[in-house]
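Below: the structure, in structure tokens.
The values are calculated or read from the model by the stated rules, or taken from the named source; none is laboratory data. What you see is a predicted model; the values in this text were computed from it and never measured. Please note: Cβ atoms are built from the backbone with ideal geometry, for glycine as well, and neighbour counts cover all protein chains shown.
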Ligand SMILES: Cc1cc2nc3c(=O)[nH]c(=O)nc-3n(C[C@H](O)[C@H](O)[C@H](O)COP(=O)(O)O)c2cc1C
């Protein structure tokens, strides 16, 4: 038999998510409510936009893709995320009215980190954070668009957390060890993610979620998951496995590229409708009730790629 090696974490993640199946519970069920309260605010659904960067303007349009999806987040009442960018663009993101978490890159330039975080807070960000999974590249420390990245120590993350009155998010947690460190450092939320497959053979975020949820039991840390989320059923599975919310990713791009803000609104509306449908079919009236009682999980040992 021909042997094959599959290192692509996106592929592994998709296969794992598709192998999680659902049981129906229809008797005495109701039409579910998808709203959720997180970070002392009520949102229309436990779905968030991805921390994206570098999305240019569509031809003939005044806003960049980042502003277009942020406007959609504002109009839908979902928490918005953005990634690497300079301060002037972040100010334009805030001007869309979106409640936005700014994920600052792990720049080696400490001054740049502090400047971007301070600017975000003064400009009216909802939260700030850092994608700690973009430190290393193939030759050592990564350089992203000419910017040198650096390792972030526990002491540095604690300083970032203490330097702001806003919730602090750490993006790119994929182990119990990092999750517990974040809790110990006073982080408000972690994003369980492999950053669309940066690490070969990365564990699917949904596979590691239950362990992380268990390790953080009783700690005041919210859990968000991303990577491969593109439907209401995906969001449902993430919540059932222990997440408080899930962020879509590249699944949003075709709608954004075709129809801008309206496209993203339609896409996220479809995710919300499918989430409501799956919740209703499995007997959950409210997001806060969702647990793993309707999941049929693959046996880990026999999870075949
Ligand atoms: C065009 C693009 C730009 C991105 N920029 C950033 C970024 O600046 N910061 C960050 O934390 N993640 C960034 N990401 C990663 C996403 O936030 C997210 O973790 C990832 O896309 C999830 O995987 P998925 O697309 O398979 O759902 C970017 C992803 C894409 C596709």
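Results for (1) touching a residue at least 40 places away in the same chain (Cβ under 8 Å); (2) under 30 Å from residue 63 (Cα atoms); (3) surrounded by 21 or more Cβ atoms within 10 Å (Cβ to Cβ), shown as yes or no for each residue.
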residue	(1), (2), (3)
193	yes, yes, yes
205	yes, no, yes
215	no, no, no
231	yes, yes, no
250	yes, yes, no
257	yes, yes, no
273	yes, yes, no
Would you confirm whether any residue within region 281-300 is within 29 Å of residue 6 (Cβ to Cβ), in contact with a strand residue (DSSP E or B) (Cβ under 6 Å, 6 or more places away or on another chain) and surrounded by fewer than 17 Cβ atoms within 10 Å (Cβ to Cβ)? yes
Identify, from the list 24, 2, the residue that is modelled with pLDDT of 95 or more, surrounded by fewer than 18 Cβ atoms within 10 Å (Cβ to Cβ) and in a loop (DSSP other than H, G, I, E, B). 24
Please count how many residues of region 21-60 are more than 16 Å from the ligand (Cβ to nearest atom) and farther than 22 Å from residue 271 by Cα. 5
Could you give every pair whose Cβ atoms fall below 9 Å, whose first residue belongs to region 161-179 and is over 25 Å from residue 99 (Cα atoms), and whose second residue is in a strand (DSSP E or B) and within 14 Å of the ligand (Cβ to nearest atom), counting only separations of at least 6 or pairs across chains? 174/192; 178/170; 178/172; 178/190
